[in-house]
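**Q** Can you keep this structure in mind? I'll have questions shortly.
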């Protein structure tokens, strides 16, 4: 997959370079066949992002000459920004419409993403206008439901690294760590509700580890994981939230680290 993003930024007198981050809906649309409402999930890592989206025909796009690659990515970014935030890159009055050969950008060697840096005048009112629009149309599944203006340090803190409560990839990982009732209670208290919603197999695992007897714990854990893997081969729900939260982290961090030089 090739992804494309836009980093709207403005240099403010007292704050330096500031960026626009979008807060996305971090819950899946259906669990066990039932529709899930779009809650205003608590802030946690992976929820604030640079707005953007995927580029179609990624394999062919990667092989294009650099100018053509940038043009395709910019077109895809314009579509994603228009659909997700209601902002038309071709005619916004907070910025000059970008051209692929004239806008600062960041592309890694393998070309799996492209980030465009768009200087903006009036980033805060732009964010307010976007938020009013998002509120009026409601939150689409897997879409954005707010934006915010952040100085670079605050923006990096908002991105953060998501910390999953435990790994289910290794059958023995939790049992070997000596999990028992105290650890289970702590996990339940510190696991964000959206994560529990996206990982319906997590509750049976925690229940299995709540037995005070270690030997019973291991037996219950083995039974619970076998049932989970039988009902969800590959643990796709659990893996998907890990990928959604962590995949963009490094590229967004790189984007923010590059911004001071671009903004000079």
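**Q** Averaged over all directions, how much area does the convex hull of the C-alpha atoms of region 43-132 cover when projected, in nm²?
**A** Values: hull surface 26.9 nm².
If you wrap the Cα atoms of region 43-132 in a convex hull and average its projections, you get 6.7 nm².
**Q** Provide 129, 10 in ascending order of the number of other Cβ atoms located within 10 Å of each residue's Cβ, fewest first. Can you show the working numbers first?
**A** Numbers: 129 16, 10 22.
Neighbour counts put them in this order, fewest first: 129, 10.
**Q** How much length is gained on full extension from residue 157 to residue 64, taking 0.36 nm per residue of separation minus their Cα-Cα distance?
**A** Values: separation 93, 0.36 × 93 = 33.48 nm, distance 3.51 nm.
Additional length available on full extension: 30.0 nm.
**Q** Could I ask something else about it? Expected output is a single nm value to one decimal: the length gained when fully extending between residue 249 and residue 112, i.e. 0.36 nm times separation in residues minus the C-alpha distance. What is it?
**A** Numbers: separation 137, 0.36 × 137 = 49.32 nm, distance 1.36 nm.
Value of the extension gain: 48.0 nm.
A short reminder: the numbers here are calculations on the coordinates, not readings from a lab. Bear in mind that the values here come from a model prediction, so they are computed numbers and not experimental data. Note that each Cβ is placed from the backbone with ideal geometry, even for glycine, and that neighbours are counted across all protein chains shown.
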